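The block underneath contains the structure these notes are about, expressed in structure tokens.
The values are calculated or read from the model by the stated rules, or taken from the named source; none is laboratory data. All values reported here derive from a predicted model rather than from experimental measurement. Backbone-built Cβ (ideal geometry, glycine too); neighbour counts: all protein chains shown. These accessible areas exclude ligands, DNA and RNA; they are computed on the full protein's heavy atoms, side chains included. Shrake-Rupley method; radii C 1.70, N 1.55, O 1.52, S 1.80 Å.
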2 protein chains.
Amino acid sequence: MSAARSTRQRDVIARVLHDAEGPLAVGDVLARARTDLPALGVATVYRTLKLLTEQGRIHPVTLDGETRYEPSGKGHHHHFSCTGCGRVFTLHTCPVALPSGTVYPGGFVVEAHEVTLYGRCPECVQGQRAG
Amino acid sequence: MSAARSTRQRDVIARVLHDAEGPLAVGDVLARARTDLPALGVATVYRTLKLLTEQGRIHPVTLDGETRYEPSGKGHHHHFSCTGCGRVFTLHTCPVALPSGTVYPGGFVVEAHEVTLYGRCPECVQGQRAG
DNA sequence: ATTGGTGCAAAGACTTTGCAGTATT
DNA sequence: AATACTGCAAAGTCTTTGCACCAAT
């Protein structure tokens, strides 16, 4: 069988995602990874994101019209999209109580939920990053 | 100044969105509108969606990686994405209590929130549409 | 030494734009 | 009659794929 090899590119991309404050878009991953690997190609980023997704190590999150990626295994969490700087943060508190199996008015059986909060991140509240 | 004209295409597209069970993707709009206007072109759909958005009559919603559009003025609501048939429904009940201005742990000031529920719609629960 | 991985460039998919004919005002 | 709107096709943008060279095993 084909074994997935360990390469510098994959390590860096995985680390970039792991160290991020929240899910990153392809462009973010590319930019941050190029700090260590200036010659990194876009195709490699797409291929690696696909591979990591298939391996279940990361997964896509859609937010504000773009697909972002975050490491799996973070447990139940949600996202905060800052209207000031545009960054997306991971939040570990959940504002809803909807156990899987809950039946919503109308007969909708809920299996999972996703919450996105919009507002100002701490830095933007203090005017450090607003723009 | 340039006045936006009333055309059959625009009327049909606006009606399709208005009559929908939830936000529609470009392809859905095109398919449904073509029932009345077989010759409708994709470009017109894109242009009309953009126009209606600028007029504030509709607005985009991103869900599962695709952009969908829904009429504005529906009041506070959320969405239910059916894992069976893939359709997205509008829900008028809100499972969270997060008034604008709430400060989330970490110092995040919440201005708005979005909730997406995933599960089985009534039809899919009854096996009528599952696939 | 093998063979999977990478970067580049070409190919796809989706969205926007240019243009000439059409329809609304 | 004037001019905004439409459909088609070309042009963009983003993502995927093909290929020759490179690197991990």
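I need the full set of residues from the stretch B:79-129 which are assigned to a helix (DSSP H, G or I), more than 7 Å from every other protein chain (Cβ to nearest Cβ) and surrounded by fewer than 19 Cβ atoms within 10 Å (Cβ to Cβ), in order please.
Within the stretch B:79-129, just B:GLU123 meets the criteria.
Touching a residue at least 12 places away in the same chain (Cβ under 8 Å), out of contact with any Phe, Trp or Tyr (no Cβ under 9 Å at 6 or more places or on another chain), of a type in the set (Asp, Glu) and assigned to a helix (DSSP H, G or I): does that describe A:GLU70?
no
Being open to solvent by 20 Å² or more (accessible area, probe 1.4 Å) and more than 10 Å from DNA strand C (Cβ to nearest atom): is that true of B:GLU66 here?
No: the conditions fail for B:GLU66.
Please go through the stretch B:99-118 and give me each residue that is of a type outside the set (S, T, N, Q) and under 27 Å from B:THR83 (Cα atoms), ordered by number.
B:ALA112, B:HIS113, B:GLU114, B:VAL115, B:LEU117, B:TYR118
Looking only at residues that are hydroxyl-bearing (Ser, Thr, Tyr) and touching a helix residue (DSSP H, G or I) at 6+ places or on another chain (Cβ under 9 Å) in the stretch A:43-71, which one is farthest from A:VAL12 (Cα to Cα)?
Top of the filtered list is A:THR67.
What tally of residues in the stretch A:1-33 results from selecting those that are within 15 Å of DNA strand D (Cβ to nearest atom), away from chain B (no Cβ under 14 Å) and outside any helix (DSSP H, G or I)?
Adding up the residues that qualify gives 8.
Under 9 Å by Cβ, and 6 or more places apart or on different chains, what pairs join a residue from the stretch B:9-28 that is open to solvent by 50 Å² or more (accessible area, probe 1.4 Å) with one that is in a loop (DSSP other than H, G, I, E, B) and within 16 Å of DNA strand D (Cβ to nearest atom)?
B:GLN9/B:LEU37; B:GLN9/B:LEU40; B:GLN9/B:GLY41; B:ARG10/B:ALA4; B:ARG15/B:ASP36
Residue by residue through the stretch B:30-47, note down the ones that are more than 10 Å from DNA strand C (Cβ to nearest atom) and either open to solvent by less than 30 Å² (accessible area, probe 1.4 Å) or in contact (Cβ under 8 Å) with a residue 40 or more places away in the chain (or both).
Within the stretch B:30-47, B:ALA33, B:LEU37, B:LEU40 qualify.
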